[in-house]
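Student: Pasting a structure below so you can have a look.
The values are calculated or read from the model by the stated rules, or taken from the named source; none is laboratory data. Please read these numbers as outputs of a predicted model, since none were measured by experiment. A quick note on method: Cβ atoms are made from the backbone with ideal geometry, for glycine too, and the neighbour counts reach across all protein chains shown. Heavy atoms of the whole protein, side chains included, go into the accessibility calculation; ligands, DNA and RNA do not. Shrake-Rupley method; radii C 1.70, N 1.55, O 1.52, S 1.80 Å.
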Protein chains: 2
Amino acid sequence: MSTEDENGSSVLRRTAEYQPPVSWRTWLIGRPLPTADAPHQTIGKFVGLAVFASDALSSTAYATQEILFILAFAGTVAFGYAFPISVAIVGLLLIVTLSYEQVIHAYPNGGGAYVVARDNLGELPALVAGAALLTDYILTVAVSVSAGVAQITSAYPDLFPYRVAVSVGLVLLVMVVNLRGVRESGAAFAIPSYFFLGMMFLTVGTGLYRQLTGSLGAVANPPPLETTVVQAITPFLILRAFSSGTAALTGVEAISNGITAFREPRSRNAGITLLWMGGILGTLFLCITFLAVAIGVVPSEAETAISQLARTVFQGQGLLYLGVIVATTLILIMATNTSFAGFPRLSALLAEDAFLPRQLAFRGSRLVYSRGIMALAGIASLLIILFGASVTALIPLYAIGVFLSFTLAQAGMARRWRNSGRLSTSEELDSKGEPLRYDPRWRLKMIANGFGAACTGVVMLVFAITKFADGAWIVLLLMPALVAAFLYIQRHYRSLAAALSLEDYGAMPPVARHRVIMPVSGVHRGTLAALRYARDLSDDVTAVHVSMDPDEAKRLQRKWEQWGDGVRLVILDSPYRLLLEPLVDYIGEIADQRQPNETITIVVPQFVSRRWWNGWLHTQAAIMLRLALLFKPGVVITDVPYQVE
Amino acid sequence: MSTEDENGSSVLRRTAEYQPPVSWRTWLIGRPLPTADAPHQTIGKFVGLAVFASDALSSTAYATQEILFILAFAGTVAFGYAFPISVAIVGLLLIVTLSYEQVIHAYPNGGGAYVVARDNLGELPALVAGAALLTDYILTVAVSVSAGVAQITSAYPDLFPYRVAVSVGLVLLVMVVNLRGVRESGAAFAIPSYFFLGMMFLTVGTGLYRQLTGSLGAVANPPPLETTVVQAITPFLILRAFSSGTAALTGVEAISNGITAFREPRSRNAGITLLWMGGILGTLFLCITFLAVAIGVVPSEAETAISQLARTVFQGQGLLYLGVIVATTLILIMATNTSFAGFPRLSALLAEDAFLPRQLAFRGSRLVYSRGIMALAGIASLLIILFGASVTALIPLYAIGVFLSFTLAQAGMARRWRNSGRLSTSEELDSKGEPLRYDPRWRLKMIANGFGAACTGVVMLVFAITKFADGAWIVLLLMPALVAAFLYIQRHYRSLAAALSLEDYGAMPPVARHRVIMPVSGVHRGTLAALRYARDLSDDVTAVHVSMDPDEAKRLQRKWEQWGDGVRLVILDSPYRLLLEPLVDYIGEIADQRQPNETITIVVPQFVSRRWWNGWLHTQAAIMLRLALLFKPGVVITDVPYQVE
């Protein structure tokens, strides 16, 4: 023990004393890291693409198929619309990517839509953006893992009945990896990420070459078309298909939320990573849709579009086919990881602003926000179980949150450019301390972001309307509920801070009278230990016995006369065999008559057994008494433990 | 408040003061009954037959069918063995009934196999009997409710997919009825009981008449035979079928366990009820088996034998058919009630002997053993869920416990007659205070009971061997495990009593030194309220702050210098951001150095919010600290609550 830093009256300080012991947790998530290690946990562009882009890139694995699923309502003849729809989606992707590139440079400390909206639009839009992002992160985990498991069951149909269990198992696996910390998970995930890109470009390249040379042909033995009722091709159907396809854009904002994870120069590294990601994503998505339509892929829960494409391109289920399936599964699992990076960061931000329980802002033993990681895994697993791990069932819930946050982020940026245009050429700080700099091209940038906000806003509305009945209504109810919860939590913390504040606090007079009440169920060593403690607290001790059996009470009374040291005993007869209620009633009467300077302590004798399961063998009256008396002002409850065994 | 009965030094007594308030519990299970009401809650022969015989009588609803299920392995040609097997089972029933009639007169205070074995054979056989009976009660609930729901799904096949949910719902319904108390449940169940007897004798009578007049014919559209692989008719198969049929005997012992529920003269009333029950049961079982074979009933999960019999006898699914189904369902649900009467009584007996948690011996607000009733409902529901509410799947677990308890009860009675034969003609009391009387016919009675013990013992062995692979092994493992648990619990209570005993207890010296340690996370009104309390306890107060952030610690230190009233502050630096561990470590060091007369109190400031769900918004450090320090001798933990809102 080192007692140092004795400054002033009587403060002792002990530093770096406590070394956590090695336990099962060490084995699972690694040895604890001291706080001083925090700033070193950053990543470069190469690993950054693997960690933050996997979400966006992996959506190519299901976006095409979800477009076809909707078009199939009008029969296979409608599949011709898939490519034009994909082109429109890539156009939207271009707008969103360029907009977020600007966000990254304006907000080098990260935070994405929530921070941008908070600084430029105000509290309520920021909370809406926060709710949207949290929902989005949760759904990303549910959708990506379900889609990953769908790849596995495409190759091994025998596993189809176990898809929910396999999905939940994978969520827990990613959770553990993330509890270890971001650098290690980044390294673990870099290889499969680039393996996926390699396999996909190989598939798409081979496919395009064979299509040009006319040797590609169609899918052999495609799964049967699951929809049989054929509708007309209406604009509404096209818009629904478009909405499903916008799932391809999910995850684009991930980098802007995680800039602080990048190595310096942060903004530059993050921005370049974002542009690379947008380019790769757009190219892959267009090529996959083109080839899927060309070979006549049929959308199906039993076999994914990627599986059908790969076995057609590589002429059978050989090694290359298996490579594509493995790579796609892995990148989809990694996509989850993006959420596992983003969700805890955002909830910590919200917790620091008092909108979520403050525990979410505490770093765990590995310097990550452990509680946020575990919360995400729990909620996502629940969603997977509720929706039976079906991507098609989850998709209608998915993209609303994404586009809502896009819209708010870009509207916030547009507002910011307008504010910067009002400045002189000198630099200023905005309300939150971020640099706000005059930009000669502010008008152009304002228009660009404003246009982006309008586009994504319209897409969000289209999505909400066309998918309303399929499940979007759940999200439209959830979002305001979340915002209400944020505001409730903030109000709670504020009123608590006010109640605990020391302003206008006059020193309280010392305790004038200290009454001690001691419930006794029998006279034994535990009771006498408690009695000894009670007499040390005060001379005013009353023992209370609740009697359900007059003979028992007589015996107790005789024993008390021998051992009770002259302390007064009150016997409460309880003809209805209730234990707690008469006691609480009695204590309540005394508490209600107490003087302001009077303190009442309830001393409860309690024997404790070293084996916790023996607790089942005893009535846990002390715990119930504590709960019942928690709100009586001036009443303190003390258990005096008596260790047996 | 009436303070009366002031006898001796300073004992106050308050009588009949506390009136429990009306709540949702009142609505569900009725108003609380005072202890003084206890002896009035007894029943006569008529209601007694309804309450205690429903278990035995209801087994006629499935015993025949379970015999046929096994014989079906050898094809329908083997069904001819069903009637001879039933005759053998009725012979066994006669032996068992006569034996229990003797038990009832020897043990007017009830208790059945457990008490008989305890008094005459010793502790271990008694515990085995207790384990067997408890298992039997649980299985009776599971089997009877499953069989009852099978009647419903025979008439309404659409309900078949919901059979598990319906079964669990019914178990909970019977639980609530029993929580109200035995007299009311007896009255509620008397009408359906006699309705069942009426309907069954009508069915059997009509069937026999039509069979004699040659107009009965065969079952129309019987369900398909579910077994297709045909075995030979071996003695093993016949014995397996016999074992399944012995399910008809379950419940015969119920009356001997519940004699105290009968009106005086208890033994006479209970004995007559038992004989009536045996006669009715044997007659019904034989008639049903005879008719089932005659009309070619096919055993099936989809339609019960009773349903096939009723629609053949009454020529279609008319009103009389429906009456039989309703009556059979009701009696099967009532059979559950027998267990709900027996299980709590027996577990209270075992709890009084310290073999089960003592809470099971406490009577609830309606004078019934509420905890036993709820435990039974919980475990039986679990079994129903695990076995998918299938009677055929549950049957192999069922009768071992029953026959084990039969064997032990009769062996105990045989031993008792031998002991009584050694007496002179004068009456004596046995070890437990029951009258042991010389009986001139003791040799005859000893031989009768010994023969019964041998028969039921052999049947138990046959059952265990022929049903071992089907599920009997579960019970054969469970039984020793239960006995081991009984012994473990008794040892725990004994060592506890020894540890708490006041024998050789020298009065402890008063507390010489009282140290107070107060963890502080911040300086606010809650902290100061706790500090005020701590200073009232002792002059030796140390405040301890676990610091994860040096700046935060500096701020706290400055605030403490202003508000801390000169009390010493220790700051523990925690570089691994652990809160509890350094604190427990620090307190542990001090506790280990403490003198015998020294007490250490940990005063924890804790703000409590009236809305319990706000607890999620705070770290519950006080609870964790309490758990971590529970086993440090000489350390008392006190939460000083500070109410906000």
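Student: If each Cα of the stretch B:335-408 is one equal point scatterer, what is log10 of I(q)/I(0) from the Debye formula at q = 0.18, 0.19 Å⁻¹?
Tutor: Log-scaled intensity ratios, in q order: -0.84, -0.91.
Student: Please give the net charge around A:GLY412, taking every other residue with its beta carbon less than 9 angstrom from that of A:GLY412, where Lys and Arg add +1 and Asp and Glu add -1.
Tutor: Combined, the nearby Lys, Arg, Asp and Glu give +2.
Student: Which value, in square angstrom to the nearest 100, describes the accessible area buried between chains A and B on both sides, using a 1.4 angstrom probe?
Tutor: Chains A and B together bury roughly 9600 Å² of accessible area.
Student: If you don't mind, another one. Based on DSSP, what percent of beta bridges with both residues in the protein assembly as shown are antiparallel, to the nearest 5?
Tutor: Restricted to the protein assembly as shown, the bridges split so that about 15 percent are antiparallel.
Student: OK, next. State the answer as a single residue: which of A:VAL230, B:ILE489, A:ILE280 lies farthest towards the positive end of the charge dipole of the protein assembly as shown, with beta carbon charges of +1 for Lys and Arg and -1 for Asp and Glu, about the Cα centre.
Tutor: Going by the charge dipole, the pick is A:VAL230.
Student: On to the next question. Using only alpha-carbon positions, what ratio does the radius of gyration of chain A give when scaled by 2.2 N^0.38 Å?
Tutor: In units of the 2.2 N^0.38 Å rule of thumb, it is 1.25.
Student: What are the residues whose amide H is under 5 Å from the amide H of B:LEU12, where those residues sit 5 or more places off or on another chain and H is modelled from the backbone?
Tutor: Here A:LEU569, A:VAL570, A:ILE571 satisfy the definition.
Student: Which value at 222 nm does chain A reach when only helices count, each DSSP H run of 4 or more adding -39,500 (n - 2.57), with the total divided by all residues and rounded to the nearest 500 deg cm²/dmol?
Tutor: Helices in chain A give a 222 nm mean residue ellipticity of -20000 deg cm²/dmol.
Student: Hey, can you grab everything whose amide H is under 5 Å from the amide H of B:TYR369? Only 5+ residues off in sequence or another chain; H modelled, so Pro and N-termini drop out.
Tutor: The answer is B:GLY364.
Student: Take the Cα atoms of the protein assembly as shown, find their three principal axes, and give me the spread along each one in whole Å, biggest first.
Tutor: Extents along the principal axes, in whole Å: 120, 89, 47.
Student: I want the local charge near A:ASN269. Using Cβ-Cβ distances under 12 Å, sum +1 for each Lys or Arg and -1 for each Asp or Glu among the other residues.
Tutor: Neighbour charge sum, excluding A:ASN269 itself: +3.
Student: Helix hunt in chain A: which complete DSSP H runs extend at least 30 Å axially by C-alpha with mean Kyte-Doolittle at least 0.5?
Tutor: In chain A, the long hydrophobic H runs are A:82-106, A:123-155, A:182-212, A:266-295, A:319-352, A:391-421, A:442-466, A:473-500.
Student: Hey, got the dipole for the protein assembly as shown? About the Cα centre, +1 on K and R Cβ, -1 on D and E Cβ, debye to the nearest 20?
Tutor: Dipole magnitude for the protein assembly as shown comes out near 660 debye.
Student: If I take R0 = 41 Å and measure r between the Cβ atoms of B:ILE272 and B:ALA220 in this structure, what FRET efficiency does the formula 1/(1 + (r/R0)^6) give, to the nearest 0.05?
Tutor: After rounding, the FRET efficiency stands at 0.45.
Student: Rounded to the nearest angstrom and ordered from largest down, what semi-axes does the equivalent ellipsoid of the stretch B:489-645 get from its C-alpha gyration tensor (root of 5λ)?
Tutor: In descending order, the three semi-axes are 31, 20, 16 Å.
Student: Distance between the C-alpha centers of the stretch B:529-550 and the stretch A:436-467? Whole Å please.
Tutor: Between the Cα centres of the stretch B:529-550 and the stretch A:436-467 lies a distance of 55 Å.
Student: Could you tell me which residue out of A:ALA499, A:THR466, A:ALA218 lies farthest along the dipole of chain A toward its positive end? Charges go on the beta carbon: Lys and Arg +1, Asp and Glu -1, centred on the Cα centre.
Tutor: After comparing all options, I get A:ALA218.
Student: How large a share of the accessible area of the stretch B:513-644, in percent, is made up of carbon and sulfur atoms when the probe is 1.4 Å and the other protein chains stay in place?
Tutor: Exposed carbon and sulfur together represent 53 percent of the surface.
Student: OK, next. Among the listed pairs A:LYS632/B:LYS559; A:LYS45/B:LYS554; B:LYS45/B:LYS467; A:LYS45/A:LYS467; A:LYS554/B:LYS632, which have their C-alpha atoms separated by more than 31 angstrom in this model?
Tutor: Beyond 31 Å between Cα atoms: A:LYS45/B:LYS554; B:LYS45/B:LYS467; A:LYS45/A:LYS467; A:LYS554/B:LYS632.
Student: Shifting gears a bit: Given H placed 1.01 Å from N in the peptide plane, which residues other than close sequence neighbours of A:SER547 have an amide H under 5 Å from its amide H?
Tutor: A:LEU572, A:ASP573, A:SER574
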